[in-house]
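Since every read-out is calculated from the coordinates, none of them should be taken as a lab result. Predicted, not measured: the structure shown is a model, and the values here were computed from it. Reconstructed Cβ throughout: ideal geometry from the backbone, glycine too, with neighbour counts over all protein chains shown.
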Amino acid sequence: MARKRSRSGLGVLFWIAFILLVLVVFLINRPRIESVLESTQLIEVIQRRFTDDADDTAEDPVVTRPEIEPTAPLETVPVLPDVEVPDARPDVDTDILPEPGPEPETEETVTPEPRPDVESRPAPPPEEDAEPARVRRGPVYYIRVTDDGRIHPEGVERSVQYESAPLTRTIEVLLSGPSSTELSRGLLNLIPDGSQLLSASVRNGVAYLSFNEAFRFNPMGVEGYHAQLKQIIYSATEFPSIDRVQFLIEGQNVEWLGGEGVNIGTPLGRNSFSN
């Protein structure tokens, strides 16, 4: 018995010494072992293994539950083809299709009605704009020089557009001068260049016409002054309401034109000149 106990004691001491040796070797080579385990990813594989086992054990009760649940809908699945739901849907769609048909027709009949109303509203404005635009056709006078050197006014037809002042527009057309064809016929404009009509009014058969300073100076002398006055007087007296013209310079009554002494202090008519 003593020998058996001694042998067992020696065996225990051997295993204790062996375990201590393994521990000492492990502690000495621990960094190497950890690096090897990390490089081989052995620890992660072991952890995944244990987690998979744990998940399998946890999913077992969950799997048994859906196995019981599909048994209930399996009984209801054959009911779906018996109801034939897709067949009923086209029936409902065909019932709805004829109803929206008349709705766009009513909308089409409503939309064209306001359009002619809108188009008829802007139509009157151009008619109102066209009403004040008026045209007067009558003569304006330019000068013809005869072979013996005499000058006399000669009228040419003009279509004058105006709104409310036909006399003003007529004198402005006169100041613009004769056309190229009229010039080729020998008609001249002896009103000084740069002359402008500043204002015009008519009272008791007299047209009061105010011109700028350029109207006062004619390079052709007395004959030129007479010619420019005749052009204005003859063109203005074509209006039935005008018999004479009172010439003004810058709105002021001036007695004489130029240094030659042509009197314009009183209203002048067609008979105010001897020739």
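Highlighted here are the helices (runs of 4 or more DSSP H) found entirely within the stretch 162-243 that include at least 1 residues which are within 14 Å of ILE143 (Cβ to Cβ) and among the aromatic types (Phe, Trp, Tyr): 221-236. Within the stretch 193-250, can you find the residues that are closer than 20 Å to GLU172 by Cβ, surrounded by fewer than 18 Cβ atoms within 10 Å (Cβ to Cβ) and charged (D, E, K, R)? Within the stretch 193-250, ASP193, GLU213, GLU238, GLU250 qualify.
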